[in-house]
Amino acid sequence: AADAHAVAAAAPGGADAVRAAARAVLDDAAKAHPPLRLDYLALVDPDDFTEVPDDHTGEAILAVAAHVGTTRLIDNLPLTFGAPA
């Protein structure tokens, strides 16, 4: 979570970097035993839950749902893009 906040706050346009970092973590988890099976990974606007563009600034939510074995995991993380350092 701290890494996602750092990437989001680094500069406007960090949305693509956050997506890539989250995808890398989830891809690694897919190789574990039992493997994580991703349902969805989305970076969305908290007002209307539409996917944010790569150059997004302001608030966003990183949302993920996945299965590990028979357990479904759902989580979200509020982020702010382009926040002052």
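What follows draws every value from the coordinates through simple rules; no lab data is involved. This one's a predicted model, so the numbers in the text were calculated from it and none came from an experiment. Reconstructed Cβ throughout: ideal geometry from the backbone, glycine too, with neighbour counts over all protein chains shown.
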Rounded FRET efficiency, nearest 0.05, which uses the C-beta distance separating residue 70 from residue 44 and R0 of 25 Å: 0.40
Whole-number D in µm²/s for the range 26-84 (Stokes-Einstein; Kirkwood sum over Cα pairs; 37 °C, 0.692 mPa s): 260
